[in-house]
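Chemist: Sharing a structure with you now.
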Amino acid sequence: QVQLVESGGGLVQAGGSLRLSCAASGRTFSRYAVAWFRQASGKEREFVAAITRSGNTATLADSAKGRFTISRENAKNTVYLQMNSLKPEDTAVYYCAADWRLSDTSSTERNNYDYWGQGTQVTVSS
């Protein structure tokens, strides 16, 4: 299995930026699709962004389009989520998730991901 550790969360003012990192253990990272989900207090965990094994295809939630970018560096076993123009409604715990794939695809569905990190808190002040 793969182990995931998120970092980069913190407190930022509205309009600011944060870059989250998801660091994976093991040598098979390039075989996993990776996604970011977030969960605000009292709400269900929701999809934010996903990226295929190769990094060639990214998928963003409507709330993230135009503001967030997901990318990966397989040589570093790391996936990033660059978040710009942050809004107070982006406040949540952000989770990294991974799914073993045989093809260069990804999913926006929470239940398609087998491995999850512990989460990192993002707080956007107004």
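Chemist: In square angstrom, what is the accessible area per residue of region 26-116 with a 1.4 angstrom probe? Write down the numbers at each step before the final one.
Modeler: On the way: 4590 Å² over 91 residues.
On a per-residue basis, region 26-116 sits at 50 Å².
Chemist: Report the charge-dipole magnitude of region 15-126 in Debye, nearest 20, computed about the Cα centre from +1 at each Lys and Arg Cβ and -1 at each Asp and Glu Cβ. Please list the in-between numbers first.
Modeler: Numbers: 14 positive and 10 negative charges, 56 e Å.
My answer is approximately 260 debye.
Chemist: Compute the orientation-averaged projected area for the chain from the convex hull of its Cα atoms and round it to one decimal in nm².
Modeler: Numbers: hull surface 27.5 nm².
Here the figure is 6.9 nm², rounded to one decimal.
Chemist: Hey, another quick one. Counting pairs of alpha carbon atoms under 8 Å apart in space and at least six apart in sequence, what relative contact order in percent does the chain give?
Modeler: Numbers: 327 pairs, mean separation 46.2, N = 126.
Contact order relative to length: 37 percent.
Chemist: Can you send over the carbon and sulfur percentage of the accessible area for the chain, probe radius 1.4 Å, protein chains only? Write out the running numbers ahead of the final one.
Modeler: Working: 2750 of 6380 Å².
Here carbon and sulfur together make up 43 percent of the probe-accessible area.
Chemist: Per residue, how big is the convex hull around the C-alpha atoms of region 68-107? Give it to me in cubic angstrom, could you?
Modeler: 99 Å³
Chemist: In a solvent-free Debye calculation with one equal scatterer on each Cα, what is log10 I(q)/I(0) for region 43-90 at q = 0.22, 0.23 Å⁻¹, listed in the order of the q values?
Modeler: So the normalised log intensities work out to -0.81, -0.87.
Chemist: Then there is this: Expressed as a rounded percentage, what relative contact order does region 14-75 have, with Cα pairs under 8 Å and six or more residues apart? Show your work: numbers first, answer last.
Modeler: Details: 63 pairs, mean separation 14.7, N = 62.
Result for region 14-75 is 24 percent.
Chemist: Right, here's the next one. In nm, to one decimal, how far is the LYS76 label point from the ASP104 one, both placed 7 Å along Cα→Cβ?
Modeler: Using points 7 Å along Cα→Cβ, the separation is 2.1 nm.
Chemist: For region 64-103, what's the relative contact order in percent, using C-alpha pairs closer than 8 Å and at least 6 residues apart?
Modeler: Taking the mean separation of contacting Cα pairs over the length of region 64-103, I get 30 percent.
Chemist: Scan the chain and hand back the longest stretch that contains none of the trypsin sites (Lys or Arg not before Pro) lying in DSSP loops with at most 10 other Cβ atoms within 10 Å. Can you show the working numbers first?
Modeler: Details: sites that count: ARG27, LYS43, LYS65.
Value returned for the longest uninterrupted segment is 66-126.
The values are calculated or read from the model by the stated rules, or taken from the named source; none is laboratory data. Since we're looking at a predicted model, the values are computed, not measured. Note that we place each Cβ from the backbone using ideal geometry, even for glycine, and neighbour counts take in every protein chain shown. The protein model used for the area step is the full one, side chains on, heavy atoms only, and it has no ligands, DNA or RNA in it. Shrake-Rupley method; radii C 1.70, N 1.55, O 1.52, S 1.80 Å.
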